[in-house]
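FYI, it's all coordinate maths here, none of it is from the lab. Computed from a predicted structure; not experimentally measured. Glycine gets a Cβ as well: all are built from the backbone with ideal geometry, and neighbour counts include every protein chain shown.
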Amino acid sequence: MLTIVKQALVLVKPEVSSVGTGWIAARGSLAQVGRYVPGKPMEEVQRELGLSHVIKLASNENAYGCSPKAVSAVAEEMARAALYPESSPPALAEKLSAKLGVREDRLIFGNGSDEIIGLLTRAYLEPGDEVVMADPTFTRYEQNVAIEGGVSVKVPCRDGVHDLDAMLGAVTTRTKLVFVCNPNNPTGTMVGAEALRRFIERVPTNVMVVVDEAYYEYVTSEDYLQTIPMLDAHPNLVVLRTFSKIYGLAGLRIGYAVVHPDVASVLHKVRGPFNTNRLAQVAALASLDDTEFVAMCREQNARERDRVSQALADLGLRVYPSQTNFLLFEVPGSGAAIAERLLRQGVIVRAGEGLGAPGTVRVSLGRPEENDAFLRALTHSLQ
Ligand SMILES: *Cc1c(COP(=O)(O)O)cnc(C)c1O
């Protein structure tokens with residue numbers, strides 16, 4: 001009884017926090033946290049600038065859409081929209097476990113792999129715990145760490161590539177998690193297979209190594225490490241994948257992690273009971289069958305990646321070598337200024353400033369004609 005009263009008193013004390021509404025204090029850790037700023041939606045740009053045709057190359061979405069198999073699966077599943085989905089999708093887990101060669105109890109699904117990043121930080125971080133990550137890397141790691149009151153230790157990339165030796169050196173007794181984004185967003189680069197293998201082998205087992213492989217299916221380099229076969233020997237390894245990128249289901253929100261079964265049990269405790277919805281579940285299942293669609297996207301993307309990289313280099317711009325469906329390149333002046341000029345011509349990209357990479361622009365690879373339009377608009381913007 002006494003404890004309850006004490007807690008209530010603490011809660012209403014105005015000096016407890018400066019954030020929130022001012023009359024109910026939000027958690028102090030949130031003072032450090034900004035809202036995620038996504039790429040501008042097409043409709044908004046069209047409306048604001050009065051443009052009839054807008055090309056969005058800002059969020060690394062799949063320019064070729066998604067599999068028609070997924071579209072029909074979703075249409076059919078709508079008839080069951082009134083019913084809650086299965087809490088953990090069994091058919092999807094079964095198919096994926098066979099495809100990946102892992103037991104089903106190693107799989108956990110999320111409302112996008114983004115949700116799983118949040119589940120990990122929520123489940124494993126105590127305030128003050130350190131999390132090692134690259135700089136720049138996916139900004140959602142840092143945001144989720146901050147929400148839990150953790151401390152992000154950011155290790156500068158070398159030429160846009162994770163400096164794994166320096167990251168290993170940054171691991172201390174206070175470190176709980178390490179994020180390796182491979183390939184990395186926003187630089188598009190990947191780390192070599194041997195370097196990453198050695199890193200995973202050297203990180204102490206009481207530190208979780210989260211390898212975010214959101215762009216796994218776009219990688220064409222032979223020097224890319226297959227991490228899933230390492231899971232048996234490394235219970236502290238977590239592999240994140242998503243259906244948002246090459247499978248083209250970003251709007252449905254579904255991704256997954258491959259983890260030690262004990263880690264899965266922990267994450268199941270903190271997730272929402274129906275964190276993946278019916279439509280996403282059936283779309284993901286159908287997408288796994290359409291290997292032709294995935295192969296087409298991978299090939300088209302690789303071809304355009306080479307072509308646009310070369311065109312940017314021909315414009316005298318430094319382009320980071322990409323294994324993804326986007327390119328990061330350096331521009332004279334600020335990335336924001338170039339992004340604004342592109343926007344006025346109806347091409348939406350991301351300025352590097354918002355991604356931790358000032359003086360750069362990140363462009364998602366579109367269809368050939370969209371990439372041509374981007375290159376024309378960029379040439380104009382540089383003049
Ligand atoms: C896109 C992306 C994700 C995942 O997105 P979801 O849509 O939430 O699955 C995760 N990590 C990185 C680095 C990404 O770029």
Worksheet item: If you take the square roots of the eigenvalues of the alpha-carbon gyration tensor of segment 83-230 and sort them as a ≥ b ≥ c, do you get rounded (a/c under 1.5), prolate (a/b over b/c) or oblate?
Response: oblate
Fill in: Per-residue Cβ neighbour rank within 10 angstrom, fewest leading, D212, D129, D223
D223, D129, D212
Worksheet, complete the sentence: Of all stretches in the chain that avoid trypsin sites (Lys or Arg not before Pro) placed in a DSSP loop and having at most 15 other Cβ atoms within 10 Å, the longest is 175-317
Fill in: Least to most buried among H162, H268, H260, H53 (fewest other Cβ within 10 Å first)
H53, H268, H260, H162
Discussion item. Can you say what percent of the DSSP beta bridges in segment 68-287, counting only those with both residues inside, are antiparallel? Round to 5.
Written reply: 35
Worksheet entry | Net charge contributed by nearby residues that have their C-beta within less than 15 Å of T139 (K/R +1, D/E -1) | 0
Practice prompt. Between S87, S52, S152, find the one with the highest GNM mean-square fluctuation for the chain; connect C-alpha pairs within less than 10 Å.
Written response: S52
Discussion item. Which of rounded, prolate or oblate describes the chain when judged by the alpha-carbon gyration tensor and an a/c cut-off of 1.5?
Written reply: rounded
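Show me the GluC sites (Glu not before Pro) within segment 210-257 that DSSP assigns to loop and that have at most 15 other Cβ atoms within 10 Å of their Cβ.
E222
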Practice prompt. Apply the membrane-span-like helix rule to the chain: whole DSSP H runs, Cα extent along the own long axis of at least 24 Å, mean Kyte-Doolittle hydropathy at least -1.0. List the helices found.
Written response: 291-314
Practice prompt. Could you list which residues have their amide H under 5 Å from that of D135, counting only those 5 or more apart in sequence or on another chain, with H placed in the peptide plane?
Written response: V155, C157
Worksheet item: Ranked by Cβ crowding within 10 angstrom, fewest neighbours first, how are F329, F179 ordered?
Response: F329, F179
Worksheet item: What net charge do the residues around V258 carry, taking every other residue with its C-beta under 13 Å from that of V258, with Lys and Arg at +1 and Asp and Glu at -1?
Response: -1
Worksheet item: All other residues with a Cβ under 12 Å from the Cβ of H380 taken together, and with Lys, Arg as +1 and Asp, Glu as -1, what is their net charge?
Response: +3
